Amino acid sequence: MNQHIQKNPNRNFLAGMLNLILCLLCACFFGACRDMNAVVVAGSTSVQPYAEILAEEFMILDPAKEVDVQGGGSSAGITAVQTGAAEIGMSSRELKDEEQLLWSVEIAKDGLAIIINPGNHIQNISIDQIRDIYAFKITNWSEIGGANKKIHIISREEGSGTRSAFEELIMGESRITPKAIIQDSNGAVRQLVADDPDSIGFISLGLVDKTVKALNLDNVKATRENILNGEYKLYRPFLFIARQKPEGDAMEYIDFVLSKHGQQLLSDEGLIPEQSGDQPI
């Protein structure tokens, strides 16, 4: 299998920013920005599919409003609101110290699932084993009770909120090996793991489907219920971010996301709702 070695830690962040800018420009050029007053939401590819579902429902309820959701990664979304390129940024990681002056609100929590191919009979893994795999200390499935096969390590790119959460929750002071195969979205990680019986990856728990298998963590299943009861430890926040508290259509969209209706949509999609009533922030 070809492996992508990341030589420049800033390269994928810059690529995410460029992709975000190109998406915004192309959307306007091809007519997607029919309303130049559309609320632009940009950032985390983990949050993106849920923000799109919420935006579609929001615009159905009020056809006069328009919300344009783009990806690019958590760091790119934060930069987009800092520079005024987007009214709302999306992040699937906590804000760093230098970002704390930004306005933010948690819209939901999401579990982080460690996934393998369904053909791999491993069912359980420990945090220490995950760390050692991603640090390239464990390199063969036989070392943790599997087949005598080389482990193919799949990771997200630098600047990804999913990767930042994984590094914080799993890696600690250890670093992800440069031998990892880098993918730029949760969907790409899931597809690669689904196609490769010897691979391992990490994605949003809400995006796990039958094409991959989520491993138990220290004998605890990766479920929403186990996150709520405190038994499953891998989860991270989904944040909306702005340069300052939004107003107008942007705030109306955020209020909708935090309403009972919006939170129910997120719950239906597998996330852990942040609020349960129509309480504006």
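The values are calculated or read from the model by the stated rules, or taken from the named source; none is laboratory data. Note that the structure is predicted; figures quoted are calculated from it, not measured. Positions of Cβ are generated from backbone atoms using ideal geometry, with glycine treated the same way; all protein chains shown enter the neighbour counts. All accessible areas refer to the heavy atoms of the entire protein, side chains included, with ligands and DNA or RNA removed. Shrake-Rupley method; radii C 1.70, N 1.55, O 1.52, S 1.80 Å.
Structure data summary
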item	result
Leu207 surrounded by 15 or more Cβ atoms within 10 Å (Cβ to Cβ), aliphatic (A, V, I, L, M) and within 30 Å of Val81 (Cα to Cα)	yes
Options Pro49, Pro63; residue that is open to solvent by 30 Å² or more (accessible area, probe 1.4 Å), part of a helix (DSSP H, G or I) and out of contact with any helix residue (DSSP H, G or I) (no Cβ under 7 Å at 6 or more places or on another chain)	Pro49
Failed criterion for Arg243 (all others in (1) open to solvent by 80 Å² or more (accessible area, probe 1.4 Å); (2) farther than 24 Å from Ala42 by Cβ hold)	(2)
Near pairs, Cβ below 8 angstrom, 6+ apart or cross-chain, from the stretch 249-270 (touching a residue at least 60 places away in the same chain (Cβ under 8 Å) and more than 20 Å from Ser46 (Cα to Cα)) to any residue that is open to solvent by 40 Å² or more (accessible area, probe 1.4 Å) and of a type outside the set (Asp, Glu)	Asp249/Asn37
Output for the stretch 188-200, where each listed residue is among the small types (Gly, Ala, Ser) and open to solvent by 10 Å² or more (accessible area, probe 1.4 Å)	Ala188, Ala194
Filter result for Phe58 (at pLDDT 90 or above and more than 30 Å from His152 (Cα to Cα))	yes
Test set (1) in contact (Cβ under 8 Å) with a residue 40 or more places away in the chain; (2) surrounded by fewer than 16 Cβ atoms within 10 Å (Cβ to Cβ) - Asn140 fails condition number	(1)
Lone unmet requirement of (1) touching a His at 6+ places or on another chain (Cβ under 8 Å); (2) farther than 28 Å from Ala76 by Cα; (3) surrounded by 21 or more Cβ atoms within 10 Å (Cβ to Cβ); (4) not polar (S, T, N, Q) for Gly146	(3)
Enumeration of residues in the stretch 88-134 that are among the polar types (S, T, N, Q), surrounded by fewer than 16 Cβ atoms within 10 Å (Cβ to Cβ), at pLDDT 95 or above and more than 25 Å from Gln191 (Cβ to Cβ)	Ser126
Residue in the stretch 247-267 that is among the aromatic types (Phe, Trp, Tyr) and assigned to a loop (DSSP other than H, G, I, E, B) present	no
Count of the stretch 209-254 residues which are hydroxyl-bearing (Ser, Thr, Tyr) and in contact with an Asp or Glu (Cβ under 8 Å, 6 or more places away or on another chain)	1
The listed residue being open to solvent by 10 Å² or more (accessible area, probe 1.4 Å), among the small types (Gly, Ala, Ser) and at pLDDT below 95, out of Ser185, Ser174, Ser160	Ser185
